[in-house]
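The values are calculated or read from the model by the stated rules, or taken from the named source; none is laboratory data. The structure presented is a predicted model; accordingly, all values stated were derived computationally and were not measured. Glycine gets a Cβ as well: all are built from the backbone with ideal geometry, and neighbour counts include every protein chain shown. The area values use the complete protein model at the heavy-atom level, side chains included, leaving out ligands, DNA and RNA. Shrake-Rupley method; radii C 1.70, N 1.55, O 1.52, S 1.80 Å.
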Amino acid sequence: MTELRTLKVALLGCGNVGAQVARILIEDADALAARTGARLELTGIAVRSIDAPRDVELPRELFTTDADTLVKDADLVIELMGGIEPARSLILSAIENGACVVTGNKALLAQDGPTLYEAADKAGVQLSYEAAVAGAIPILRPIRDSLSGDRITRVLGIVNGTTNFILDQMDSTGAQFADALAEAQRLGYAEADPTADVGGLDAAAKATILASLSFHTRFDLENVHCEGITEVSAADIAAAKDAGFVIKLLAIAEKLTAADGSEGVSVRVHPTLLPREHPLAAVHGAFNAVFIEAENAGELMFYGQGAGGTPTASAVLGDLVSAARRIVLGGPAQTETTIGHVPALPIDAVNTSYYIGLDVADQPGVLARIAHLFAEHGVSIEIMRQTIHRDADSNVESAELRIVTHRATEAALAATVRAVKGLDVINSVTSVLRVEGV
């Protein structure tokens, strides 16, 4: 029997995911060798503190604080430390020394991916990043490889488990945002500082990666229109439910034709109303899902756990085995798809339906005046619902209007909302949310 060669693996970071990756590399060494054609030897784990508490018991002799030396002697480097620096410098150092790199660093890829891709191409090494989007769900390789002979027209993704858990709690229990967030933090689904999640920034980084692969063009965070969920109220959730919708934070990338006839891609993250019969509406808790529309394949959905140590480690190990097999068998490295030059379109180019919440005076003629303004701006109303409520202190009655429009441009909707705000019967515009899937 031919003796297998050994490939040295360096691990940068030993948090929730990194610890599980290290455990699997050690416990499943024989199985991984059989799949890879080489033994994967974990030579070291770079950490900030060797004595920091960890959920997984690992050999102490593997830990080091000298990440620079570790990556220079590795065949494969797994970067799971997060952040921009020193992760960026360490990845570039690994590439320059001929190592293939596996990373889950969505923020770095969204901010400076092209630098890493070009360095890997120049060095002829593999840069893989399946774990950067949607945890355990295999989505990037299917987009890059399985759908490479098709044309993707649209991607809708629930790619942040924290926000999906919060919105799902609000929908199923009637909780306010603050209470649902507190429950997410108690269960470990949300960080002590949840800004990146609830502000949409985490999803925006993932949207950048999805859009770049789907449309063969390099997009960055500046191309992503980003809105979080902090302004979504229990009243919005209840009104959406009453109208047959559910609210989800979606990462969306789609090919559009602008008003001047030019084609481009809109990349955006925002709270979105979905019909309850849409496949993404059934994604509950902290799960993730990505819904793809392609010219020939039609509609596809990928669903699974979007975070967590063991699920995300599965994606990391998949990339690691793939990169190791390339080293063993030879062949060209692959980091990204063929680059095109499809322009990124601003949010004004989007054409969709909208949900608008209004607090208005309860008096005759209000509905007619509002409907007239919508018609004047070319925005057609599909659904209008009114609820009367009385202020307990002033005893003054007002009305809540919930309006769902037919498809309209973002520019027309924005102009309509500005005009509505100018009416003397409008107390406030409480919500403006986009609608998809209708």
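Some points to look at:
- Helix 410-421 and the longest principal axis of the Cα set of the chain meet at an angle near 40°.
- Take every Cα pair under 8 Å whose residues are at least 6 apart in sequence, average their separation, divide by the length of the chain, and the relative contact order is 16 percent.
- Loop-located trypsin sites (Lys or Arg not before Pro) in the range 115-160, at most 15 other Cβ atoms within 10 Å (DSSP): R151
- Spin-label model distance (nm) - S146 vs N296, 7 Å beyond Cα toward Cβ: 1.6
- Zone of R5's modelled label, taken as backbone nitrogen in the range 14-41 under 14 Å from a point 7 Å along Cα→Cβ: 36-41
- Result for the chain in a Gaussian network model with C-alpha springs under 10 Å: among G82, G306, G104, the largest mean-square fluctuation is at G82.
- DSSP assigns beta bridges within the chain; of those with both partners inside it, close to 70 percent run antiparallel.
- With the highest mean first, a sort of the peptides 400-413, 365-378 on other beta-carbon atoms found within 10 angstrom per residue produces 400-413, 365-378.
- Accessible area per residue was computed with a 1.4 Å probe on protein heavy atoms; S146 scores about 90 Å².
- Gyration tensor (alpha-carbon) shape descriptor, the range 341-438, a/c threshold 1.5: prolate
- Pairs from K72/K122; K241/K421; K8/K72; K206/K255 whose Cα-Cα separation, in the structure shown, is over 22 Å: K241/K421
- Carbon-plus-sulfur accessible fraction, the chain (probe radius 1.4 Å, protein heavy atoms only): 48%.
- Mean-position separation - Cα centroids, the range 105-128 and the range 129-205, in angstrom: 23
- Helix-derived mean residue ellipticity, 222 nm - over the chain, DSSP H n ≥ 4, -39500 (n - 2.57), to 500: -10500 deg cm²/dmol
- In the context of the full set of protein chains, the range 163-218 has a per residue accessible area of 39 Å² (1.4 Å probe).
- Karplus-derived HN-Hα couplings along the range 185-190 (A = 6.51, B = -1.76, C = 1.60, θ = phi - 60°), whole Hz, x at Gly and Pro: 5, 4, 8, x, 7, 10
- Most fluctuating residue given options A204, A399, A239, as computed from a GNM of the chain linking Cα atoms under 10 Å: A399
- Each residue, E222 and D179, gets one label point 7 Å from its Cα in the Cβ direction; the gap between the two is 4.4 nm.
- Most mobile of I24, I252, I158 in a GNM of the chain (Cα contacts under 10 Å): I24
- What the range 350-438 shows is 49 Å² of accessible area per residue, with the surface traced by a 1.4 Å probe over protein heavy atoms.
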